[in-house]
Amino acid sequence: MRKKIFSGVQPTGNLHLGNYLGAIKNFVELNNEKENECIFCVVDLHAITVKQDPNKLRNNIRETVATFIASGIDPKKSIIFNQSQVKAHSEAAWILSCVARMGWLNRMTQFKEKAGKDKEKASVGLYSYPILMAADILLYEATHVPVGEDQKQHLELCRDIAQKFNNEFGVKDFFILPEPLIQKEFSRIMSLKDGSKKMSKSEVSDLSRINLTDDKDLIINKIKKAKTDAFPIPSSLEELTTRMEAKNLLGIYSSLKNFGLEKTIKQFSGRNFSDFKKDLSQVLVDKIDPISKEIKKLLKESDFLDKILLEGSNKANEIASEKLKKIHEIVGF
Ligand code: AQP
């Protein structure tokens, strides 16, 4: 089946292994399937829901594009652009915010996690973030959205908003209800320091994540320091239930090798983590080091990256402004 793919990544720096295994790896596979139409967006409007340094943001936008390309996305096959350059996103988000209900947004767990204890001080943008995400997806009539598991709830909200708009205005099937594409296993990669927290760009400790720009020595060092426990690798999945850090490392290995977790357990059962970590480092270095080198090379070619963004935003603009025109007609503008 021909799929229309849309997904986004925030240019908030330090793209990491979680972003790669949870989302970008999937983007590359979808980009390589000939029949798919793919749009990958650097979601800079989402990034400013928390404070950003303008100069760093500009660099991070380019770095995100460089990461897409270094990971294997072909800009000739897929549209790559940054969200702020296509005005329809902000306008559609406003219109959809008049359709979405407060009760729906109040249930979003990501807002609760990101706003923390002091949610009165969080930006309004952080709260309404999922509505902008719905606008991103619906403007392009995406049928499938590859995301990490943490974005599943936002995608369900996008479907609710689309359905309510279609029903309220009597325009059956105007907005297509997108399907999430979430990896079956290890859709959430956890911090190397705390197996109960997801690996994240904004985590203060750099030792908590493998960045896609890390070099060989850094990767080996971070895996050496990754938290585990005193027990050897078990012989069954059940024995990992309460060993979150151990499970995460075995999961990362499995995901990079495209194995199921059971196969990895079988391979390493009875061995110590210090031993397993050597194999894990090797697999990580084989995968990440070439990407890291390519990102650094591409970052020296800022004109090339800017050209990709410009061409991408021109193409995206054509699609999105056409859909927005129809939205205007439907709502009565
Ligand atoms: N730890 C993770 N495991 C699996 N997938 C993940 N993703 C993010 N972290 C993990 C997926 O990566 C895509 C891009 O994410 P994003 O940058 O747009 O936003 P995020 O989910 O907020 O990522 P971070 O790293 O946690 O960023 P900060 O710290 O800036 O908030 C998404 O598909 C996401 O699911």
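The values are calculated or read from the model by the stated rules, or taken from the named source; none is laboratory data. Because the structure is predicted, anything quoted here is derived from the model rather than measured. Ideal geometry is used to build each Cβ from the backbone, glycine not excepted, and the neighbour counts take in all protein chains shown.
Among residues belonging to segment 1-14 that are modelled with pLDDT of 95 or more and within 11 Å of the ligand (Cβ to nearest atom), point out the one that is farthest from the chain's Cα centre (by Cα).
11
Consider segment 10-41. How many of its residues are buried (at least 21 other Cβ atoms within 10 Å of the Cβ) and in a strand (DSSP E or B)?
Total satisfying the criteria: 5.
So is residue 26 more than 8 Å from the ligand (Cβ to nearest atom) and in contact (Cβ under 8 Å) with a residue 60 or more places away in the chain or not?
yes
Taking the condition within 30 Å of residue 69 (Cβ to Cβ) and either acidic (Asp, Glu) or not in a loop (DSSP other than H, G, I, E, B) (or both), does residue 330 pass?
no
Residue 303 - would you say it is free of Cβ contacts under 8 Å to residues at least 40 places away in the same chain and under 30 Å from residue 135 (Cα atoms)?
For residue 303, the condition - free of Cβ contacts under 8 Å to residues at least 40 places away in the same chain and under 30 Å from residue 135 (Cα atoms) - is met.
Run residue 125 past the list (1) in contact with a Ser or Thr (Cβ under 8 Å, 6 or more places away or on another chain); (2) buried (at least 19 other Cβ atoms within 10 Å of the Cβ); (3) modelled with pLDDT of 95 or more and report the number of the one that doesn't hold.
It fails just one condition, (2).
Which of (1) over 23 Å from residue 295 (Cβ atoms); (2) away from the ligand (no atom under 16 Å from the Cβ) is the odd one out, the single condition residue 245 does not satisfy?
(2)
Consider residue 73 carefully, then state whether it is outside any loop (DSSP other than H, G, I, E, B), away from the ligand (no atom under 12 Å from the Cβ) and modelled with pLDDT of 95 or more.
No: the conditions fail for residue 73.
Would you check which residues across segment 169-198 are of a type in the set (A, V, I, L, M, F, W, C), more than 15 Å from the chain's Cα centre (by Cα) and more than 24 Å from residue 244 (Cα to Cα) and list them?
Of the residues in segment 169-198, the ones of a type in the set (A, V, I, L, M, F, W, C) are 169, 171, 174-177, 181-182, 186, 189-190, 192.
With more than 15 Å from the chain's Cα centre (by Cα) added as a condition, the list becomes 169, 171, 174-177, 192.
Within segment 169-198, 169, 171, 174, 175, 176, 177 qualify.
Starting from residues that are under 20 Å from residue 46 (Cβ atoms) and among the small types (Gly, Ala, Ser), keep the ones in segment 131-177 and report whichever is farthest from the ligand (Cβ to nearest atom).
Among those residues, the one meeting the criterion is 162.
What are the residues in segment 199-222 that are within 16 Å of the ligand (Cβ to nearest atom), β-branched (Val, Ile, Thr) and in contact (Cβ under 8 Å) with a residue 40 or more places away in the chain, if any?
Result: 210, 213.
Is at least one residue of segment 88-110 part of a helix (DSSP H, G or I), within 13 Å of the ligand (Cβ to nearest atom), of a type in the set (A, V, I, L, M, F, W, C) and surrounded by 17 or more Cβ atoms within 10 Å (Cβ to Cβ)?
Taking every residue of segment 88-110 in turn, none turns out to be part of a helix (DSSP H, G or I), within 13 Å of the ligand (Cβ to nearest atom), of a type in the set (A, V, I, L, M, F, W, C) and surrounded by 17 or more Cβ atoms within 10 Å (Cβ to Cβ).
Collect the residues in segment 49-70 that are in a loop (DSSP other than H, G, I, E, B) and either away from the ligand (no atom under 12 Å from the Cβ) or surrounded by 18 or more Cβ atoms within 10 Å (Cβ to Cβ) (or both), keeping them in residue-number order.
Residues satisfying the conditions are 49, 53.
Quick check on my filter: what residues within segment 270-327 are modelled with pLDDT of 95 or more and acidic (Asp, Glu)?
Those that are modelled with pLDDT of 95 or more and acidic (Asp, Glu): 279, 286, 289, 294, 301, 303, 306, 311, 318, 322.
Among the residues of segment 131-148, is there at least one that is modelled with pLDDT under 95 and under 25 Å from residue 51 (Cα atoms)?
Yes, segment 131-148 contains a residue that is modelled with pLDDT under 95 and under 25 Å from residue 51 (Cα atoms).
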